[in-house]
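*Asks:* One structure, pasted below without further comment.
The values are calculated or read from the model by the stated rules, or taken from the named source; none is laboratory data. Not measured: the values here are computed from a predicted model. Because the Cβ atoms are built from the backbone with ideal geometry, glycine has one as well, and the counts that use them run over all protein chains shown.
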Amino acid sequence: MKDQEKLLDNYEQMYKTDSKGMFQSLASLAGQCTTACWDLSRDVALPAVEAVSNVVVTGLGGSAIGGDLLRVFCSGRCPVPVLVNRDYTMPEFVGKDTLVFAVSYSGNTEETLSAYQDARRRGATVIAITTGGKLMEMAGRDGFTVVPVPGGISPRSASGFLFIPTLRVMERLGFLTGIENEVKMLVDNLKTLYENLRPEVPVEKNSAKQMALKLFNRIPVIWGSSGTTEVVAQRWKGQINENAKAPAYWNIFPELNHNELVGFRFPESPLKSLHVVILRDDSDHPRVKRRIEITKNIISKAVAGITDVRASGGGPLARTYSLIYSGDYTSLYLACLYGIDPGPVEVIDYLKNELAKE
């Protein structure tokens, strides 16, 4: 373990290995959220929207996670349903009364381009969020609003650019209120967290490095709760996959108590490779809190370990992003422990290249 701790405290080597600047992108997340809220989306011209019955965010991967964050944030706050689409086509209900956010960081995600064209054919109002590419070209040609965001980083590092504008647009259209204050609390909390989680902070004082050590040579199982931390659990899973090039799995309470919980008996040996991470928020339903404690007792002897990670911050956005930030840093430190560059995703590039041949 001492050797692994030395690796995590060699921050100069971390920066040298990080060819895509993943650590730098994470360090600038507070500024990214500030820019997204007050510069990118506050003054962009919006379409005249009359009767909107539903909102759909269409995208994939890092460009879609913002849609899930919007969906959870809007639950209980927004008078119309918000759904996320990760497909080549739009759901059948999409039509003239639908507001569609087409989100693609590169602007060239083939599923999103296909879904965009389907939304346009159905007469939906579309707002594109992208750095450029074919999406910006098509949306501009079709007369739709485009929120241009800065490029130069990995899509999975651009959640502030891809998510915060949807909140601001929803507020400007009258569906949400108080977004500027929420984002201010989020930004202030990120600045505090950065001082605690950045690579220069040693293992003994850095909770993300400590978490990475727990997950090293283990299979992470990330559990969140419906309506609060569900999207963050999915985010942790995806970041571990892409940054650490390692498997990880996620689920949510209370659903997992009706199926996954039963699967912690066999095979006994592989179960000992699992480390369960439970994301906690003070606003979790009281019955979910009780379920979590009972569940931990049930699986405690079957798995390698269980760790609670608790949200911090003054508002829902701040608390959500506190967990996202912790998970992102954990995934980067886990990549360091495995001795790999967290940035490149060669298998995804290969898959895209193979598809492009057809």
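*Asks:* Any residue at all in the range 315-334 that is surrounded by fewer than 18 Cβ atoms within 10 Å (Cβ to Cβ) and β-branched (Val, Ile, Thr)?
*Replies:* no
*Asks:* Let me ask something else about it. With the structure loaded, tell me whether Val277 is surrounded by 22 or more Cβ atoms within 10 Å (Cβ to Cβ) and within 20 Å of Phe216 (Cβ to Cβ) or whether it fails that test.
*Replies:* yes
*Asks:* For the range 138-176, enumerate the residues that are part of a helix (DSSP H, G or I) and without any contact (Cβ under 8 Å) to a residue 12 or more places away in the chain.
*Replies:* Hits for the range 138-176 are Gly140, Arg141, Glu171.
*Asks:* Working only within the range 25-58, note down all residues that are more than 21 Å from Leu323 (Cβ to Cβ) and in a helix (DSSP H, G or I).
*Replies:* The answer is Thr35, Trp38, Asp39, Leu40.
*Asks:* Go through the range 200-234 and give me each residue that's assigned to a helix (DSSP H, G or I) and either closer than 14 Å to Val276 by Cα or touching a Lys or Arg at 6+ places or on another chain (Cβ under 7 Å) (or both).
*Replies:* Answer for the range 200-234, where residues must be assigned to a helix (DSSP H, G or I) and either closer than 14 Å to Val276 by Cα or touching a Lys or Arg at 6+ places or on another chain (Cβ under 7 Å) (or both): Val203, Met211, Ala212, Leu213, Lys214, Leu215, Ala233, Gln234.
*Asks:* Could you please tell me which pairs satisfy a Cβ distance under 7 Å, a separation of 6+ or placement on different chains, a first residue in the range 281-296 that is under 17 Å from Ser312 (Cα atoms), and a second residue that is among the β-branched types (Val, Ile, Thr)?
*Replies:* Taking only residues 6 or more apart or on different chains, the pairs are Asp281/Thr228; Asp281/Thr229; Ser283/Thr228; Asp284/Thr228.
*Asks:* Taking the condition part of a helix (DSSP H, G or I), polar (S, T, N, Q) and touching a residue at least 24 places away in the same chain (Cβ under 8 Å), does Thr112 pass?
*Replies:* It is true that Thr112 is part of a helix (DSSP H, G or I), polar (S, T, N, Q) and touching a residue at least 24 places away in the same chain (Cβ under 8 Å).
*Asks:* Asp43 fails exactly one of the following numbered conditions: (1) under 30 Å from Lys191 (Cβ atoms); (2) modelled with pLDDT under 95; (3) touching a Lys or Arg at 6+ places or on another chain (Cβ under 9 Å). What is the number of that condition?
*Replies:* (3)
*Asks:* Taking the range 59-74, which residues are in a helix (DSSP H, G or I), in contact with a strand residue (DSSP E or B) (Cβ under 6 Å, 6 or more places away or on another chain) and either at pLDDT below 95 or among the small types (Gly, Ala, Ser) (or both)?
*Replies:* Across the range 59-74, the qualifying residues are Ser63, Gly67.
*Asks:* While we're here: Could you check how many residues of the range 62-93 are buried (at least 16 other Cβ atoms within 10 Å of the Cβ) and among the charged types (D, E, K, R)?
*Replies:* Here the count works out to 3.
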